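Enquirer: I am attaching a structure below and will ask some questions about it afterwards.
What follows is calculated from the coordinates using simple rules that are stated; it is not laboratory data. Computed from a predicted model, the values in this text were never measured in an experiment. So basically every Cβ, Gly included, is an ideal-geometry build from the backbone, and we count neighbours across all protein chains shown.
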Amino acid sequence: MKRLFLPLFNLAVMLVMSCEDTGLSTDCSECMSYEPVTARIEVQIDAGNEHGTLVQFWEGKLEDGIMIDSVRYFSTAVFEKELPLNRLYTITATYVIDGKTYTAVDSATPKTKYDKNSCDEPCYNIYGNTVNLKLKYTN
Amino acid sequence: MSENVNILQLSAVLVLLTLFPFVSAAQDNVAADTAGYVPSWYAGALDYNLMIAASRDLPGEIDRLIRAGADVNSYNEDGSTPLIIAVDYNSPEAVRAILKHSPTLDDFTVNSETALLIAVKKNSTGIAETLIRAGATVNIADSRGATPLHYASLYGYDEMAAMLLYYSAQPDTKAGDGTAALHAAVCAGNVETADILINGGANMEIRDGDGNTPFLIAASFGDTVIMDILRSYGVDIYSKNSLNHNALALAIAFGHSESVRYLLGIGDRWNENSPSGNTPLQVAARYGRRDIAAILREANIHGTVKPSFNQASLSMYARFTRHNFYSGFGLSLREPYLNAGITAGFNAKLWETRLLVEQLPGSYYQYIDKSAIAFAGLFKDFTVAGLPGRQLVVSTTLLAGYTFGNKFKGTEISPERKLTAIPGITVKWVARHVALFAGTEWHNLGYCKTGSVWATAGLSYSFYFDSMPVKQKRIKWN
């Protein structure tokens, strides 16, 4: 049992950590030599129909009701929006499929990390800037 | 005519008797194949060749080699002397030939065996008797304290045991683990040997290292024949071992229902509490022997059954439905008599899942969820098939689950906190401490199209804690 514990614990930690952008590692290809004040939020959406997909950006939580931007997209895309760092943003994508409305909700708090040693030069890295608004399934 | 035949027959016998010494010598010479001998220039060749001759049962060669200077007490890398080799190869003529040259008789091999111990283990009664008559120590003990009589008793060599007793073997000598010859015979179920030992003066109430008498050992192995023999000689059927168990308790604990019936038939003082307070019914409950509990009740052995847990299981598993997933761990405590118990645990999401919630008719929100479920409830096991140490078990569960945890990502909305019933059924393959299981549960969390039927799969590890330990005798010097 003792021999099993450590591998199982490691597996559990890896599973927990694998899906979260925790900023533990430094991506040297995304290095910035200066400290950024904004980050590009990367938004993944599904293709909408002829009405497109309505993507709305909210500062804070959805219930706070502070809309920053509202854009309609007509293609499957990964697109980006520049926003200040260290704030919580909630992004929604609304799809109309078979006469039913589906709103996918996700949020991100982009942050920066300074790493002196991992890359050739000291670097600033942004993490926590990805949201996934694809619909997993419909009713 | 008949007179002629008689004269001819007599002549033939006389001719044969005259030729017999030459025929006998010729046979020995023919059998003396020296092809396998070590060359004479090899150091110690004579001694090695003596061992070869001993193994081939060549008494003439043995005499010749010893006269030529071979050491009768030489030994090989195993510590085997020519005498030990002759015994090991079951060569009676060679044994007799070697004994004429006065070898040491009680030499041990590196495996702590003497010539006599080997003869006994091989059930070579004639050779063993020859060795004893030549002066071998009949009560010699090996490194584990076992004597020739121990081995004869364990292996059920009746003639050997009788012969050893005739030559004054001590039946009550104990091996290092406290086992006497009678314990060994009973343990191995050798009824005839046990009877020979008893008639040879063995103490029928002798105790082994765990305080077991032969009667208690017979009870733990469910051997009613030996129990009956011992009872007929007047042993104390109510004796207890060092763990305070009597014969009935042992028969119950090891599931020997026939022995239980037998013991109930020969005694009426079984319902007296042991010093630890365990009644026969309590022992049956402790070991989950429902069939034996019924036998006890039929025999008017009554008492209360106090529920007690004897097993704790830790489980890790995955629990998933069409679009939802949890991983979990649980702790179960099992009551052996009911074959049921209590269980509690916790389900968490190792990663987020996207779930659909209907806000208004025709309007759905997909939220990102990382909630948790705490549960507690009851289970009941049904053993479907069993092999020694392995079981196939169907387990039914009824749990109360409480959903709680993080708000949906980017919102102030929490998954509905509610207490729900979770019935389930699981099939478990249990191999001693480890069990693999898979099953299904019904649990409605209220999300769209996730379904209420969950699949579960995982493994568990069980710890057994025994407040009423019993030990079945094991011979450690076999």
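Enquirer: Would you please name the chymotrypsin sites (Phe, Trp or Tyr not before Pro) within segment B:204-300 that are DSSP coil residues with at most 14 other C-beta atoms within 10 Å of their C-beta?
Expert: In loop regions of segment B:204-300 (DSSP not H, G, I, E or B), the sparsely surrounded chymotrypsin sites (Phe, Trp or Tyr not before Pro) are B:Tyr233, B:Tyr238.
Enquirer: Using only the alpha carbon atoms of segment B:311-464, find the Kirkwood hydrodynamic radius as the inverse mean reciprocal pair distance, in angstroms to one decimal.
Expert: In segment B:311-464 this quantity evaluates to 16.4 Å.
Enquirer: Rounded to the nearest 500, what is the 222 nm mean residue ellipticity of chain B from helices alone, with -39500 (n - 2.57) per DSSP H run of 4+ residues and division by all residues?
Expert: Value at 222 nm, helices only: -10000 deg cm²/dmol.
Enquirer: Can you compute the FRET efficiency between B:Val427 and B:Glu192 using 1/(1 + (r/R0)^6), with r the Cβ-Cβ distance and R0 = 41 Å? Round to the nearest 0.05.
Expert: That gives a FRET efficiency of 0.30.
Enquirer: Here's another thing I want to ask about it. Near B:Tyr317, within a Cβ-to-Cβ distance under 15 Å, what is the net charge of the other residues, with Lys and Arg +1 and Asp and Glu -1?
Expert: Local net charge: +2.
Enquirer: What number comes out for the charge environment of B:Val72, summing +1 per Lys or Arg and -1 per Asp or Glu over other residues with Cβ under 15 Å away?
Expert: With Lys, Arg at +1 and Asp, Glu at -1, the net is -2.
Enquirer: Next question. Given a Förster distance of 56 angstrom, what is the FRET efficiency for B:Glu159 paired with B:Trp41, based on the Cβ-Cβ distance and rounded to 0.05?
Expert: So the FRET efficiency works out to roughly 0.75.
Enquirer: Just for segment A:25-132, what percent of DSSP beta bridges are antiparallel, to the closest 5?
Expert: Of the beta bridges lying entirely in segment A:25-132, close to 90 percent run antiparallel.
Enquirer: Largest first and to the nearest Å, give the Cα extent of the protein assembly as shown along each principal axis.
Expert: 137, 77, 57
Enquirer: Right, next: Taking just the C-alpha trace of segment B:179-274, give me its Rg and Dmax in Å.
Expert: Rg and Dmax of segment B:179-274, Cα atoms, are 12.1, 36 Å.
Enquirer: How much space per residue, in cubic angstrom, does the convex hull of the C-alpha atoms of segment B:55-187 take up?
Expert: 87
Enquirer: For the protein assembly as shown, give the magnitude of the charge dipole about the Cα centre (Cβ charges: +1 Lys/Arg, -1 Asp/Glu; no others), in debye to the nearest 20.
Expert: 2040
Enquirer: What does the net charge come to around B:Thr224 if you take all other residues with beta carbon closer than 14 Å to its beta carbon, with K and R at +1 and D and E at -1?
Expert: -1
Enquirer: Over the residues of segment B:359-410, compute the C-alpha Rg and express it relative to 2.2 N^0.38 Å.
Expert: For segment B:359-410, the normalised Cα radius of gyration is 2.00.
Enquirer: Ok, one more. Calculate the tail of P(r) for chain B: the fraction of all Cα-Cα distances greater than 39 Å, expressed in %.
Expert: Looking at chain B, the distances longer than 39 Å represent 54 percent of pairs.
Enquirer: Can you pull out the GluC sites (Glu not before Pro) in segment B:160-260 that DSSP calls coil and that have at most 16 other Cβ atoms within 10 Å?
Expert: Those satisfying the criteria are B:Glu205.
Enquirer: With unit charges on the beta carbons (Lys and Arg positive, Asp and Glu negative) and the dipole taken about the Cα centre of chain B, which residue among B:Tyr151, B:Ala400, B:Phe379 sits farthest to the positive side?
Expert: Ranked along the dipole, the leading option is B:Ala400.
Enquirer: So, one more: Would you list the P(r) distribution for segment B:405-470, with all Cα-Cα distances sorted into 5 Å bins from 0 and each bin expressed as a whole %?
Expert: 4, 13, 14, 15, 14, 13, 11, 8, 5, 3, 1, 0
Enquirer: Going through segment B:370-461, which trypsin sites (Lys or Arg not before Pro) have at most 12 other Cβ atoms within 10 Å and a DSSP loop state?
Expert: Answer in residue order: B:Arg417, B:Lys418, B:Arg432.
Enquirer: I'm a student and want to see the number: the projected area of the Cα convex hull of segment A:25-132, averaged over all directions, in nm².
Expert: Over every viewing direction, the Cα hull of segment A:25-132 projects on average to 7.3 nm².
Enquirer: Arrange the following residues from fewest to most other Cβ atoms within 10 Å of their Cβ: A:Glu35, A:Glu80.
Expert: So the ranking, lowest neighbour count to highest, is A:Glu35, A:Glu80.
Enquirer: Tell me the Rg and the Dmax, in Å, that the Cα atoms of segment B:32-113 produce.
Expert: 11.4, 32
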